[in-house]
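Worksheet: the structure to be examined is printed underneath.
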Amino acid sequence: GAVVSQHPSWVICKSGTSVKIECRSLDFQATTMFWYRQFPKQSLMLMATSNEGSKATYEQGVEKDKFLINHASLTLSTLTVTSAHPEDSSFYICSAREPDRDTGELFFGEGSRLTVL
Amino acid sequence: GQSLEQPSEVTAVEGAIVQINCTYQTSGFYGLSWYQQHDGGAPTFLSYNALDGLEETGRFSSFLSRSDSYGYLLLQELQMKDSASYFCAVPISARQLTFGSGTQLTVLP
């Protein structure tokens, strides 16, 4: 199956700083990638859809100025959490589908656990 | 909008069979997926049903009834490593997934 890689796996930062998370599709081109956030013991909540070469589409309630998404190439999407605060501490996971395959399968990156002190 | 309901917790012993149910309400329906997630890990794909009926993949099977807006994941011959969270999910516009709240499965020795 397709491989999606995410980096970093863990990040600890001070309140007020910005953190960038990278998501790469390693063996396929992904025109669209999805960013999810997951709090402990909760489900995955879609934050935004990242579109190569155009603006991301954000879900209701997600601040686009706080969670900056850039999808500059067909294999890389980045999520930047700006001016992070402790309430932003969460597990952030990216995902993508293989193009032209309708198997219902999303391939997920390993996830990035953000802790804001 | 979309909503999916599944039990929050299920406990069973090794070797047993467990069924995790999922009922959904969607504005459009393209299929029902199941994902497994171990603590601290990313979700991994288990199965996908686009049509009614049973899909079998080894010890895991998934069933869908579109008329009942209902599906289930069946896990047979439970093993300790099956302890994880299980999510049902439905695709929505732009092909992203909406996930259910998740079922925490605990397998006891």
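Scan the stretch B:52-70 for residues that are free of Cβ contacts under 8 Å to residues at least 12 places away in the same chain and polar (S, T, N, Q) and jot them down.
Residue satisfying the conditions is B:THR57 alone.
What number goes with the only condition from (1) modelled with pLDDT of 95 or more; (2) within 12 Å of the chain's Cα centre (by Cα) that B:ASN49 does not pass?
(1)
Looking at B:GLU56, B:GLU77, can you tell me which residue is part of a strand (DSSP E or B), over 30 Å from A:THR57 (Cα atoms) and not hydrophobic (A, V, I, L, M, F, W, C)? Reasoning before the result, please.
Details: B:GLU77 fails: part of a strand (DSSP E or B).
So the residue among B:GLU56, B:GLU77 that is part of a strand (DSSP E or B), over 30 Å from A:THR57 (Cα atoms) and not hydrophobic (A, V, I, L, M, F, W, C) is B:GLU56.
Taking the stretch A:66-100 as the region of interest, how many residues are part of a loop (DSSP other than H, G, I, E, B) and farther than 16 Å from A:HIS7 by Cβ? Give the derivation first.
Of the stretch A:66-100, the ones part of a loop (DSSP other than H, G, I, E, B) are A:66, A:74-75, A:82-85, A:89, A:97-100.
Still in the list and also farther than 16 Å from A:HIS7 by Cβ: A:66, A:74, A:82-85, A:89, A:97-100.
Total meeting the criteria: 11.
A:SER43 - would you say it is of a type in the set (Gly, Ala, Ser), more than 9 Å from chain B (Cβ to nearest Cβ), open to solvent by 10 Å² or more (accessible area, probe 1.4 Å) and closer than 23 Å to B:GLN37 by Cα?
Details: of a type in the set (Gly, Ala, Ser): yes; more than 9 Å from chain B (Cβ to nearest Cβ): no; open to solvent by 10 Å² or more (accessible area, probe 1.4 Å): yes; closer than 23 Å to B:GLN37 by Cα: yes.
So A:SER43 fails the test.
Of the residues B:SER85, B:SER33, only one is closer than 16 Å to A:SER95 by Cα, touching a Gly at 6+ places or on another chain (Cβ under 7 Å) and surrounded by 13 or more Cβ atoms within 10 Å (Cβ to Cβ); which? Quick ask: steps written out before the conclusion?
Numbers: B:SER85 fails: closer than 16 Å to A:SER95 by Cα.
On inspection, the qualifying residue turns out to be B:SER33.
Any residue in the stretch B:71-82 that's over 8 Å from B:PHE60 (Cβ atoms) and in contact (Cβ under 8 Å) with a residue 40 or more places away in the chain: show its pairings with residues that are part of a strand (DSSP E or B) and open to solvent by 40 Å² or more (accessible area, probe 1.4 Å) at Cβ separation under 9 Å, as long as the two are six or more apart or on different chains.
From the stretch B:71-82, the pairs are B:GLY71/B:ASN21; B:GLY71/B:THR23; B:GLY71/B:PHE63; B:TYR72/B:GLN19; B:TYR72/B:ASN21; B:TYR72/B:PHE63; B:LEU78/B:VAL13; B:MET80/B:LEU108.
Hey, B:CYS22 hits all of (1) among the hydrophobic types (A, V, I, L, M, F, W, C); (2) part of a loop (DSSP other than H, G, I, E, B); (3) over 17 Å from A:MET45 (Cα atoms) but one; which does it fall short on?
With (1) among the hydrophobic types (A, V, I, L, M, F, W, C); (2) part of a loop (DSSP other than H, G, I, E, B); (3) over 17 Å from A:MET45 (Cα atoms) applied to B:CYS22, the lone miss is (2).
Can you name the residue in the stretch A:46-65 that is in contact (Cβ under 8 Å) with a residue 12 or more places away in the chain and assigned to a strand (DSSP E or B) and, of all such residues, is surrounded by the fewest Cβ atoms within 10 Å (Cβ to Cβ)?
So, considering only residues that are in contact (Cβ under 8 Å) with a residue 12 or more places away in the chain and assigned to a strand (DSSP E or B), the one surrounded by the fewest Cβ atoms within 10 Å (Cβ to Cβ) is A:ASN51.
Looking at B:GLY15, is it on the phi > 0 side of the Ramachandran plot, away from chain A (no Cβ under 14 Å) and either outside any strand (DSSP E or B) or among the hydrophobic types (A, V, I, L, M, F, W, C) (or both)?
Against the criterion (on the phi > 0 side of the Ramachandran plot, away from chain A (no Cβ under 14 Å) and either outside any strand (DSSP E or B) or among the hydrophobic types (A, V, I, L, M, F, W, C) (or both)), B:GLY15 qualifies.
Looking at A:SER25, is it among the hydroxyl-bearing types (Ser, Thr, Tyr) and open to solvent by 30 Å² or more (accessible area, probe 1.4 Å)?
Criteria not met by A:SER25.
Checking B:TYR35 against (1) on the phi < 0 side of the Ramachandran plot; (2) more than 12 Å from chain A (Cβ to nearest Cβ); (3) not polar (S, T, N, Q): exactly one of these is not met. Which one?
(2) is the only condition that B:TYR35 fails.
For every residue, the table says whether it meets (1) more than 14 Å from chain A (Cβ to nearest Cβ); (2) within 13 Å of the chain's Cα centre (by Cα).
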{"residue": "B:GLY58", "(1), (2)": "yes, no"}
{"residue": "B:PHE63", "(1), (2)": "yes, yes"}
{"residue": "B:SER69", "(1), (2)": "yes, no"}
{"residue": "B:LEU75", "(1), (2)": "yes, yes"}
{"residue": "B:ALA89", "(1), (2)": "no, yes"}
{"residue": "B:LEU105", "(1), (2)": "no, yes"}
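The values are calculated or read from the model by the stated rules, or taken from the named source; none is laboratory data. Small disclaimer: the values here were computed from a predicted structure and weren't measured. A quick note on method: Cβ atoms are made from the backbone with ideal geometry, for glycine too, and the neighbour counts reach across all protein chains shown. Calculation scope for accessible area: heavy atoms of the full protein, side chains included, ligands and nucleic acids excluded. Shrake-Rupley method; radii C 1.70, N 1.55, O 1.52, S 1.80 Å.
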